[in-house]
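Here's the structure, in structure tokens; my notes come after.
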Amino acid sequence: MARYDKHVSEGLVHGTTALSSLGGGTTINNATENELVTVASDTDELDAEANLTFNGTTLALTGNETISPANDVGAAALTITNIDTNQIALDINASNIDANIIDIADTSLTSAAALYIDSNSSSTAARSIATIIQNHASATKANTLTLQQDNTTVDAADMAASLNLTGNPKIKVGTDAKNLTFHQYDGYEVARVHDNSGIGGFGYKKLIVDVEEALNLSSVGNAIPYSGATISLVQSDAGAYAITLPTAANTTEGKQITGWHISVILTGADAENVTIVRGDTGNDSILGMVVAGDAAPSGITVTSNVITFVGGTAVVGDRADITCTGADASNTYFVVQGMCKV
């Protein structure tokens with residue numbers, strides 16, 4: 001491939017390739033200055049390419065470009081080196097409507113990343129390493145960033161993450177006097193970081209779980225999503241039932257369950273007991289106290305590592321707050337603080 005030049009009559013085509021002679025039957029078709037030439041269908045002719053030009057500084061291509069390096073090339077398929085410090089190194093201006101502007105697809109990655117950005121500047125100037133802007137106020141349903149993690153593992157030490165922050169990460173609202181809100185899929189707000197005139201604050205919506213029958217949370221993996229929940233407890237007149245607390249089976253589960261907590265509030269009183277028991281009745285412990293409005297508690301009791309909402313005595317509003325204060329491969333420890341009317 002060579003660049004067409006007006007001095008063809010002298011027998012030269014300037015560029016990276018020099019033809020020893022263009023005389024005696026070599027023809028360049030449709031030639032215009034700065035157009036690169038390719039071999040024509042008649043191999044003794046060259047075609048000047050209107051969509052591929054080089055003016056000595058800028059190589060311009062109008063159309064599609066495919067880069068397919070050999071498997072053993074030993075170098076990047078495309079390298080961009082920009083030494084003009086106040087110019088963009090890669091600028092894409094697209095008019096796409098229903099196709100991705102940049103599409104990265106891979107099925108072979110193991111320890112490498114699909115996208116890797118490394119900024120090693122020592123400058124103390126304020127800046128953003130990566131900026132994504134949804135820049136139209138009318139685009140009310142446009143997500144600025146979507147993360148999807150198809151792995152659902154929750155009980156392994158090396159669980160995959162949708163967002164993995166390392167170092168000393170900080171999440172900060174970028175505009176003064178604005179709140180940061182968290183929403184679930186249907187759009188309902190579940191938590192908010194308040195600006196509060198610069199003082200700050202955090203508020204959240206509690207998870208309410210209705211319980212009217214036996215609930216087994218002995219598996220740490222099953223229990224973790226309940227941490228922080230309020231159990232809306234309903235007693236029965238047909239029979240007693242129990243809620244079983246989680247128990248750690250190994251050191252990793254002990255770390256996962258330490259700090260786990262629930263509040264149990266009676267919202268439906270009836271004749272039969274509801275008990276809260278240990279997952280491992282031989283090694284775990286439930287200790288604590290209950291305060292009653294009339295001195296000695298009888299609506300809720302904590303005895304022999306069992307919490308009991310006493311049927312026929314406990315009343316709506318009685319509650320017990322339960323926290324796992326520590327766990328290891330052998331023992332899981334719970335502390336309870338309760339309040340009841342009688």
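Every read-out reported here was derived from the displayed coordinates using simple, explicitly stated rules and does not represent laboratory data. Predicted, not measured: the structure shown is a model, and the values here were computed from it. In this analysis, Cβ positions are derived from the backbone assuming ideal geometry, glycine residues included, and neighbour counts consider all displayed protein chains.
Using label points projected 7 Å from each Cα along Cα→Cβ, tell me how many nm separate Asp270 and Asp237, to one decimal.
0.9
For the chain, modelled as a GNM with alpha-carbon contacts under 10 angstrom, which of Ile243, Ile257, Ile101 fluctuates the most?
Ile101
Contour minus end-to-end for Asn71 and Leu207, with contour as 0.36 nm per residue of separation and end-to-end as the Cα-Cα distance?
The span from Asn71 to Leu207 would gain 43.6 nm if fully extended.
Please work out the Cα center distance from the stretch 89-150 to the stretch 232-291, rounded to the nearest Å.
Each part's Cα centre sits 46 Å from the other's.
Gain in length, Thr175 to Asn143, computed as 0.36 nm per residue apart minus the alpha-carbon separation, to one decimal in nm?
Gain on extension, Thr175 to Asn143, equals 9.7 nm.
Go through Ile262, Ala70, Ser95 and say which Cα lies farthest out towards the positive end of the charge dipole of the chain; charges sit on Cβ, +1 for Lys and Arg, -1 for Asp and Glu.
Toward the positive end, the furthest listed residue is Ile262.
Within 10 Å of each residue's Cβ, count the other Cβ atoms and sort Met289, Met339 from fewest upward.
By the 10 Å Cβ count, ascending: Met289, Met339.
In whole Å, how far is the Cα centre of the stretch 157-189 from that of the stretch 328-342?
31
So what's the chain giving for Rg/Rh, alpha carbon basis, Kirkwood Rh from the mean inverse pair distance?
Reported Rg/Rh (Cα atoms, Kirkwood Rh): 1.25.
Determine the calculated [θ] at 222 nm for the chain from helices alone, applying -39500 (n - 2.57) to every DSSP H run no shorter than 4 residues and normalising by the residue count; nearest 500 deg cm²/dmol.
-500 deg cm²/dmol
Along the positive direction of the dipole of the chain (beta-carbon charges: Lys, Arg +1; Asp, Glu -1; about the Cα centre), which of Asn135, Leu52, Val335 reaches farthest?
Value: Val335.
Using only Cα atoms, what is the ratio of the radius of gyration of the stretch 208-340 to 2.2 N^0.38 Å?
With N residues counted in the stretch 208-340, Rg over 2.2 N^0.38 Å equals 0.99.
Using a cut-off of under 20 Å, list every residue of the stretch 91-127 whose amide N is near the label point 7 Å from the Cα of Leu61 along the Cα-to-beta-carbon line.
91-96, 100-105
Could you give me the ³J(HN,Hα) list for the stretch 34-47, computed from phi with Karplus coefficients 6.51, -1.76, 1.60 and θ = phi - 60°, whole Hz, x at Gly and Pro?
Result, rounded to whole Hz: 6, 6, 7, 10, 10, 5, 7, 4, 8, 5, 9, 10, 10, 9.
For Asp321 and Leu115 in the same chain, what is the full-extension length gain: residue separation times 0.36 nm, less their Cα-Cα distance, in nm?
69.6 nm is the gain from fully extending Asp321 to Leu115.
Quick check on my link table: of Lys141/Lys206; Lys178/Lys255; Lys205/Lys341; Lys141/Lys172, which ones sit more than 31 Å apart, alpha carbon to alpha carbon?
Lys178/Lys255
Quick check: net charge around Gly312, other residues with Cβ under 14 Å of its Cβ, Lys/Arg +1 and Asp/Glu -1?
Value of the local net charge: -3.
Going by a ≥ b ≥ c, the root eigenvalues of the Cα gyration tensor, does the stretch 96-163 fall in the rounded group (a/c under 1.5), the prolate group (a/b larger than b/c) or the oblate group?
Oblate, because a/c is 1.5 or more while a/b does not exceed b/c.
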